[in-house]
1. By its C-alpha gyration tensor, with a ≥ b ≥ c as the square roots of the eigenvalues, how is the stretch 170-263 shaped: rounded for a/c under 1.5, else prolate for a/b larger than b/c, else oblate?
2. Which shape class applies to the chain: rounded if a/c is under 1.5, otherwise prolate when a/b exceeds b/c and oblate if not, where a ≥ b ≥ c are the square roots of the Cα gyration tensor eigenvalues?
3. Taking each pair of distinct Cα atoms in the stretch 104-269 once, what is the resulting Kirkwood hydrodynamic radius in Å?
4. Of all DSSP beta bridges located in the stretch 124-260, what percent are antiparallel, nearest 5?
5. Among Val97, Val282, Val157, determine the one that fluctuates most according to a GNM of the chain built with springs between C-alpha atoms less than 10 Å apart.
6. Considering the dipole of the chain built from charges on the beta carbon (Lys and Arg +1, Asp and Glu -1) around the Cα centre, which of Val97, Trp127, Pro184 is farthest to its positive end?
7. Around Tyr107, which amide H atoms from residues at least 5 apart in sequence, or from another chain, sit under 5 Å from its own amide H, with H modelled in the peptide plane?
8. Which residue, Pro172, Pro70, Pro225, tops the fluctuation ranking in a GNM of the chain built on C-alpha contacts under 10 Å?
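No value in this document is a laboratory result; all are computed from the given coordinates. Since we're looking at a predicted model, the values are computed, not measured. Using ideal geometry, Cβ is built from the backbone for each residue, glycine included, and neighbour counts are taken over all protein chains shown.
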Amino acid sequence: MLDVDTFLTTLYVIVDDFFQSHPPKKRPGPQASLCESEIITLAIFARWSRFSSERDFYRYATGHLREAFPTLPDRSRFNRLLRSQANLIEEMALHLVQMMETPEGAYEALDSSAMPIRDAKRQGYGWLAGQADIGWSNSIGWYEGFSLLTAVAPTGVITGFCFGAASSADQPLAETFFAVRARPNPRLISVGSAFSGTYVADKGFEGAENHRRWLECYGADVIHPPKRNSRKRSWSKRLRQWVAGIRQIVETVYDKLFNAFGLWRERPHDLQGLRARLAARVALHNFCIWLNDQLCRPRLNFADLMGW
């Protein structure tokens, strides 16, 4: 179990080493009160579910972190700085994947999950009208927000992620994900690098024509169990259980993002802010796995990693 100072210092060193090798672009205007390394360190640290809100984190930072971050600005200014660094936080999340130097496995688990941002029964349009919308989730029913897609290595490391409107079906979301991995776009770096192995998905990614196109156009080989009433092909119970077992890792990862790192409580007012905070949660997840490796602890044991 680490104390807060040790955790923050280790995180800051990793972040700062990354920025030393990737100098940020110069921006016009006066210099920010915090450097990029400080902004991103605080952005990642703030995603622990121990903080119930942005206000709660800022009260903690003001009372406990002033010595480490003496130029900490007011909360609204810090939030603007956080939103301005969304791209760099996404780069940091993926840099941690490269840092672990995990050899490419035979498969990655691919799955989508509901990312609610507002009660679907509330009246009015909300802050992100025209971007978020209404979708269906088997676990929570109708919700308003986005659909989050992640690719997860067998070790639990998140190798790529993206999100679309809640009404988006899994297939078009996966199409964009594979296309950008095959032909990188600097505006959507969060999807990560191309993967030459097999993506193990669920029935939401079905479609023989989709699978053929994804393989031919993007080199993405996708397998998933067929529907139980499918006449074209069937899998044995043992094979279904085996695939369900290797896909369990992505369910564990979603539990970390939504519960250990508080993604269920996200109520964004700005799409850029949502991008930044989602990327910070992915970065925190990957950093905790790296840190547990260094401490010879089980990779996904996050609950007792910090001693508050």
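1. Numbers: a/c = 2.26, a/b = 1.16, b/c = 1.94.
Oblate is the answer for the stretch 170-263, as a/c is 1.5 or above yet b/c matches or exceeds a/b.
2. Values: a/c = 1.76, a/b = 1.52, b/c = 1.16.
Prolate is the answer for the chain, as a/c is 1.5 or above and a/b outweighs b/c.
3. On the way: mean 1/r = 0.0595 Å⁻¹.
For the stretch 104-269, the Kirkwood estimate is 16.8 Å.
4. Close to 75 percent.
5. Highest fluctuation of the listed residues: Val97.
6. Farthest towards the positive end: Trp127.
7. When sequence neighbours closer than 5 places are left aside, the close amide H contacts are Thr198.
8. It is Pro70.
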